[in-house]
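These notes are about the structure you will find just below.
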Amino acid sequence: MVNWVPPEWEDREMLAELGIGSVEDLFRDIPKKARMGRIGLKPSMEEPALVDLVRGILSKNRPVSGFDSFLGGGVYTRYTPAVVDGLLQRSEYYTSYTPYQPEASQGTLQAMFEFQSLWVELSNLEVANASLYDGATALAEGVLMALRLHPGKRVLVPGSLNWERRSVIENYSHGAGVELVDIPWDPTTGLLDIDFIAREARKDVAAVVVEIPDSFGLLDARLPSLKSTLGEVPLVVYADPMSLSLLEPPGSWGADIVAGEGQGFGLPLSYGGPHLGLLAARLSAVRQLPGRLVGVTQDADGRRAFTLTLGTREQHIRRSRATSNVCTNHSLMALAFLAYATAMGPRGLRRLAEAQHATVGSLVTALQGTRHLQVPRFKTPYLFDVAIGVEGATVDQFLSAMLERKIFAGVPLDDPRPVAPHPRLNAFLATAGPEIDAKAIARYASAARAFGGA
Amino acid sequence: MAFHQARWDEPLLWEIRTPIESKVDPIQGIPEPLLRKTPFRWPEPTELELSRHFTRLSQMNFSIETGIYPLGSCTMKYNPRVGEVLARDLSMTAAHPAQPVSTVQGTLEMLYRLEEALGKITGLPNVSLQPAAGAHGEFTGLLVARAYFHKKGDPRTEVILPETAHGTNPASSSMAGFAPREIPSKDGCVDLRALSDAISPRTAVFMLTNPNTAGLFEEEVLEIADRVHAQGALLYYDGANMNAILGKTNPGKMGFDIAHLNLHKTFSTPHGGGGPGAAALCVTDALTGFLPVPRLVKEGRKFRWSYDHPDSIGKVRSFYGNVGMDLRAFAFIMAHGEDGLRRVSERSVLNSNYLAHRLGKLLPRPFKPLVKHEFLLSGLPLRERGLRTLDLAKRLLDEGVHAPTVYFPSLVEESLMVEPPETESKYSLDAYYSAMERSIKDTDENIHAAPRRLAVGRVDEVAAAKNLRLSWRDLRRTP
Ligand SMILES: Cc1ncc(COP(=O)(O)O)c(C=O)c1O
């Protein structure tokens, strides 16, 4: 048995002090009819046996080192400087909780203030919160926030929007009773119908959502002038933070709210979580922001100090009228994001982003003319992921064939639910991160050429 | 024992190193109008400067590993180190969520076995690990309830909750599209009369945590379940307080239809300075079809994700859940096993009653004396001295221990809610008692002046909200 609970002889002393005979007496308030028998779990284990058990189960995973991975789609394999995880393993950070007592938690608070500052600098907005669960929930919270800023019945979302993010926004907006309207996109370029947005925005639209890069990996050069067609309608932008080391930030082209997924900044893939939700907005909207916020103030002696602030927006005070239900956030992931960005520096981030973009370009070049593949699927500039169409076979068939050759060839773009709301594209996204070299690209190209179709 | 926290006057990152301004040159394949022109300014310290900065900051943080942290409702128990080691297994950390399932069978088996264990622990066998935290679990569970009533052609509009409910309960209710309605309590527990008066055919869900936020077991829970079900409504279990009842009773036995568990509380995944957490949503068979997709299924000896659930609410976040946290919870459950988990609750309830009994000599305790894993005190007597619970909390910090949760639930004036989890020894509880005694017996002047042994003195929270400075940018404008 592991030694995580103090010994039972202590119980006897404590029971004596309480004047009761057994621990069981402390449960006499549970009605008999509600009592349970055995839970049905196995007996306890010693730590070495536990490690064997868990490692034994995990050993059924195939080691990723045996594969070339071209998987991206918003979640990326990137090297994280060792110093980042070293800091994350300091138990002063990871075994503390929400800094309700600021005097006892200046470490977390100052780090969160620096994190907020970093997302403000990257996005060029004016205020950022201290993290949300992931990119999808941050985007959904961003939409809810927009609804509080501007009345309207409908929210325009890209027709190309990743099906998971769309579903999350849909679920989050039930309470507000708004309808999501898909902005049509051009089948050749993959880009949104900008005129449609401008036309609809004049009606009862509460918010417009766009992405950069979008869910097809594409860059739409018209986005910087979009806001001028929207009037008062809030513009909510979903942006990859790594892209912002290269691209003009949405805050500079009129975005009112910027959401993003922070995984690509030093967070392990961890099979999808925990990742990091980023959210920033205009200062004038700060009272509508969801989540924790850290501000600067002073202590009784006039020294600089940090504290959670504007708690009146939050569930513990405002209850059903709070800006969000969020309580536990993803603070430790925010710390990783901050430490990673600072370890890399603006120049390191930019170099990495440029390199990834260029390597994807090499992949595209290498795949030119491959039978069964349409590379790229859209005639539009892309950033970190290229959309590739499959012809004469399904995406699944192609990806399975590539898997045989130890290649994770891409992330399918279609909604996997049998009854999906959108027509199928039969396409996938491929990225090529820093660990992909010319040889890996050559292996991809030759495996793809060997694919004989369905 | 004299305690002194590090006091570093640590500069902000950009005060350590002058920020670099990154410039972007033309890049092939990226449209010129999209290239960054707005400077991105951020410091590039050396690795040692970076490390020193965050190490110094960490030394200005209370944490479970530096001292007892009996924050009520938060279950700040020891987070076994082995969980950190196991969760850093490369096959966990380096697995992309879109990787083919044939390459992540180990991870899927772990998740499947965790779902099974949580199904047994709650008595609600259908489990989704998708929610990222407790509040997210509530929200997901309420969406499930909403979908269930829609499918029945009986779209109900209200959620009822006790006034003592955690703030996330009403907030989640309105986010899920329900009108929350709070009912008064009696002696710290649900007032059955008030419940019966409030409940109607409009009621979709009654939300309850048991033991409740006052640390009391709701002894009439079976009667509550009957009344809720008699109106065709569902009973929701906020599992934040599950640490008190493992192996003694469970939400299924108590008549609940939906439960969420905070894996970061009961099952000891670290709280991360505010998060990440992880939650599980557990439901009865009647509700299973509405759970988020994908669902994890086992076919023969293989595991896969299934998306074919036409009644499903869809997604509440990307991918499958906070898998890295799930692994830590799985390790915790396996290590403790059947008897260990029961012991977790027994010792946490014993710790709580013991400390309540002792602290009850210093401050009044409302309601019945028998509590579960946490208990309430009232700081009201301090008022005669011109002091508040907040002052006492600050003075406690000077003892090197964390303060309890203060001013929640609001049922009790000047409340302190203390939760001493099972991992705290008798020695540590006695030391907490002494710390509380010294704090209360200190002079009024000293208590007002507290804390004095931390990185900073009493923080002016009002000024923070008045003169908002929420980023470096704000500081540049108003230093
Ligand atoms: C009783 C209760 N319900 C719900 C929650 C919300 O859980 P989380 O913070 O994980 O969202 C908490 C946690 O603080 C709680 O104590």
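Can you list the residues, at least 5 places off or on another chain, whose amide H is less than 5 Å from the amide H of residue B:35, using H built in the peptide plane?
Those qualifying (amide H under 5 Å, at least 5 residues apart or on another chain) are A:248.
Near the amide H of residue A:238, under 5 Å away, which other amide H atoms are found, from residues 5 or more places off or on another chain, if H is placed in the peptide plane?
A:210, A:211, A:212, A:259
State, in angstrom, two size descriptors of the stretch B:81-336 derived from its alpha carbons: Rg to one decimal place and Dmax to the nearest whole number.
Just the Cα atoms of the stretch B:81-336 yield Rg and Dmax of 18.0, 56 Å.
For a distance above 33 Å, tell me the whole-number percent of Cα pairs in the stretch A:82-340 that qualify.
Working: 6209 of 33411 pairs.
The calculated P(r) of the stretch A:82-340 puts 19 percent of pairs beyond 33 Å.
Highest mean first, what order results for A:114-123, A:147-156, A:278-287 on Cβ atoms within 10 Å? Please report the intermediate quantities before stating the final value.
Values: A:114-123: 26.4, A:147-156: 17.9, A:278-287: 20.8.
Listed from highest to lowest mean packing, they are A:114-123, A:278-287, A:147-156.
If you find the alpha carbon centre of the stretch B:145-212 and of the stretch B:61-123, how far apart are they in angstrom?
31
Please work out the C-alpha center-to-center distance from the stretch A:279-294 to the stretch A:411-449 and express it in whole Å.
Here the two parts' Cα centres lie 36 Å apart.
If you look at just the Cα atoms of the stretch B:163-227, how large are its Rg and its Dmax in Å?
11.6, 31
Over 25 Å apart: what share of the alpha carbon pairs of the stretch B:1-99 falls there, rounded to a whole percent? Don't skip to the answer; put the middle values down first.
Details: 2835 of 4851 pairs.
For the stretch B:1-99, the share of Cα pairs beyond 25 Å comes to 58 percent.
Counting Lys +1, Arg +1, Asp -1, Glu -1, what net charge surrounds residue A:199 among other residues with beta carbon under 14 Å of its beta carbon?
-1
At q = 0.06, 0.10 Å⁻¹, what is the log10 ratio I(q)/I(0) for the protein assembly as shown, with the Debye formula run over Cα points and no solvent?
The Cα Debye sum returns log10 ratios of -0.39, -1.14.
Convex hull over the alpha-carbon atoms of the stretch A:273-375: what's its volume per residue in Å³?
Working: hull volume 21.3 nm³, N = 103.
Hull volume over Cα atoms, normalised by residue count, gives 207 Å³.
Can you give the convex hull volume of the alpha carbon atoms of the stretch B:334-452 per residue, in Å³?
On the way: hull volume 12.8 nm³, N = 119.
Cα-based convex hull of the stretch B:334-452, divided per residue, equals 107 Å³.
Of the listed peptides B:130-139, A:263-272, what is their order by residue-averaged count of other C-beta atoms within 10 Å, with the highest listed first?
Details: B:130-139: 29.6, A:263-272: 26.8.
Packing proxy ranking, top to bottom: B:130-139, A:263-272.
Is there a quick way to get the dipole size of the stretch B:81-336? I mean about its Cα centre, with the Cβ of Lys and Arg at +1 and of Asp and Glu at -1; what is the value in debye to the nearest 20?
Numbers: 24 positive and 25 negative charges, 158 e Å.
Approximately 760 debye in magnitude.
Amide H to amide H under 5 Å from residue A:297: which residues, 5+ apart in sequence or cross-chain, H placed 1.01 Å off N in plane?
Hits under the 5 Å cutoff: A:305, A:306, A:307.
Please work out the C-alpha center-to-center distance from the stretch B:267-301 to the stretch A:193-271 and express it in whole Å.
31
To one decimal place, what Kirkwood hydrodynamic radius in Å is obtained for the stretch A:78-202 from all pairs of distinct Cα atoms? Walk me through the numbers before you get to the answer.
On the way: mean 1/r = 0.0560 Å⁻¹.
The answer is 17.9 Å.
Using the crude model of +1 on Lys and Arg Cβ and -1 on Asp and Glu Cβ, and no other charge, please compute the dipole size for the stretch B:1-133 relative to its Cα centre, in debye to 20. Walk me through the intermediate numbers first.
Numbers: 13 positive and 15 negative charges, 44 e Å.
Dipole size: approximately 220 debye.
Relative to the first principal axis of the alpha-carbon coordinates of chain A, what is the inclination of helix A:163-172, with its axis defined by its Cα atoms, in degrees from 0 to 90 and to the nearest 10?
With rounding to tens, the tilt is 50 degrees.
Distances over 40 Å make up what percent of all Cα-Cα pairs in chain A?
Numbers: 30765 of 102831 pairs.
So the pairs more than 40 Å apart make up 30 percent of the total in chain A.
How many Cβ atoms of partner chains, on average, are near each residue of B:43-53 if near means within 10 Å of its Cβ?
Numbers: counts 4, 7, 3, 1, 6, 1, 1, 9, 6, 0, 6.
So the per-residue partner count for this stretch is 4.
Could you state the angle between the C-alpha long axis of helix A:438-450 and the longest principal axis of the C-alpha atoms of chain A, as a value from 0 to 90 degrees rounded to the nearest 10?
70
Over the Cα atoms of the stretch B:1-51, how large are the radius of gyration and the largest Cα-Cα distance (Dmax), in Å?
18.8, 65
Got a sec to turn the phi values of the stretch B:212-226 into Karplus ³J(HN,Hα) couplings, 6.51 cos²θ - 1.76 cosθ + 1.60 with θ = phi - 60°, whole Hz, x for Gly and Pro?
These are the phi-based 3J(HN,Hα) values: 7, 6, 9, x, 9, 7, 7, 5, 8, 4, 5, 5, 4, 4, 4 Hz.
Taking every residue in B:100-107, how many Cβ atoms of other protein chains lie within 10 Å of its Cβ, on average? Intermediate values should be presented prior to the final figure.
Details: counts 10, 0, 3, 9, 6, 6, 9, 7.
Whole-number average of other-chain Cβ neighbours for B:100-107 is 6.
Determine Rg/Rh for the stretch A:319-448; Rg is computed over alpha-carbon atoms and Rh is the Kirkwood hydrodynamic estimate from the same atoms.
Details: Rg = 18.8 Å, Rh = 17.3 Å.
Rounded to two decimals, Rg over Rh is 1.09.
Going highest first, how would you order B:262-275, B:303-316, B:283-296 by mean Cβ packing within 10 Å?
Order by mean packing, descending: B:262-275, B:283-296, B:303-316.
Taking one equal scatterer on every alpha-carbon of the stretch B:147-297, how large is log10 of I(q)/I(0) by Debye at q = 0.13, 0.15, 0.18 1/Å?
So the normalised log intensities are -0.59, -0.80, -1.16.
Could you compute the FRET efficiency for residue A:8 and residue B:453, with r as their C-beta to C-beta distance and R0 at 45 Å, rounded to 0.05? List each step's numbers first, then the result.
Numbers: r = 35 Å, r/R0 = 0.79.
Plugging the Cβ-Cβ distance into 1/(1 + (r/R0)^6) gives 0.80.
Output the Kirkwood hydrodynamic radius of the stretch A:1-130, Cα pairs only, in Å rounded to one decimal. Write down the numbers at each step before the final one.
Values: mean 1/r = 0.0461 Å⁻¹.
One over the average 1/r among Cα pairs gives 21.7 Å for the stretch A:1-130.
Would you work out which of B:70, B:337, A:241 lies farthest towards the positive end of the dipole of the protein assembly as shown? Charges go on Cβ: Lys and Arg +1, Asp and Glu -1.
So the residue we want is A:241.
Taking θ as phi - 60°, what are the ³J(HN,Hα) couplings along the stretch B:332-349 by the Karplus curve (6.51, -1.76, 1.60), each to the nearest whole Hz, with x for Gly and Pro?
Working through the residues one at a time gives 4, 5, 5, 4, 6, x, 3, 6, x, 5, 4, 5, 3, 6, 4, 6, 5, 6 Hz.
Need one value for B:285-293: mean number of C-beta atoms belonging to other chains within 10 Å of its residues' C-beta atoms. Walk me through the intermediate numbers first.
Details: counts 0, 0, 0, 0, 0, 0, 0, 3, 4.
Whole-number average of other-chain Cβ neighbours for B:285-293 is 1.
Mind jotting down the three principal axis lengths of chain B based on Cα atoms? Whole angstrom, largest first.
The principal-axis extents, from largest down, are 73, 61, 42 Å.
Along the charge dipole of chain B, Cβ charges K/R +1 and D/E -1, which of B:291, B:28, B:101 sits furthest on the positive end?
B:28
Expressed as an acute angle from 0 to 90° and rounded to the nearest 10, what is the orientation of the C-alpha long axis of helix A:47-58 relative to the principal long axis of chain A?
Helix A:47-58 sits at roughly 20 degrees to that axis.
Under the √(5λ) rule applied to the eigenvalues of the Cα gyration tensor, what semi-axes describe the equivalent ellipsoid of the stretch B:284-326? Give them in Å, descending. Spell out each step's value before the answer.
On the way: eigenvalues 59, 51, 20 Å².
Listed largest to smallest, the semi-axes of the stretch B:284-326 are 17, 16, 10 Å.
How high is the relative contact order of the stretch A:82-340? Use alpha-carbon pairs under 8 Å, at least six apart in sequence, and give a whole percent. Walk me through the intermediate numbers first.
On the way: 516 pairs, mean separation 72.0, N = 259.
Taking the mean separation of contacting Cα pairs over the length of the stretch A:82-340, I get 28 percent.
The numbers here are math on the coordinates, done by the rules we state, and not lab data. Fair warning: this is a prediction, and the values are worked out from it, not measured in the lab. Every residue, glycine as well, gets a Cβ built from its backbone with ideal geometry; the counts of neighbours run over all protein chains shown.
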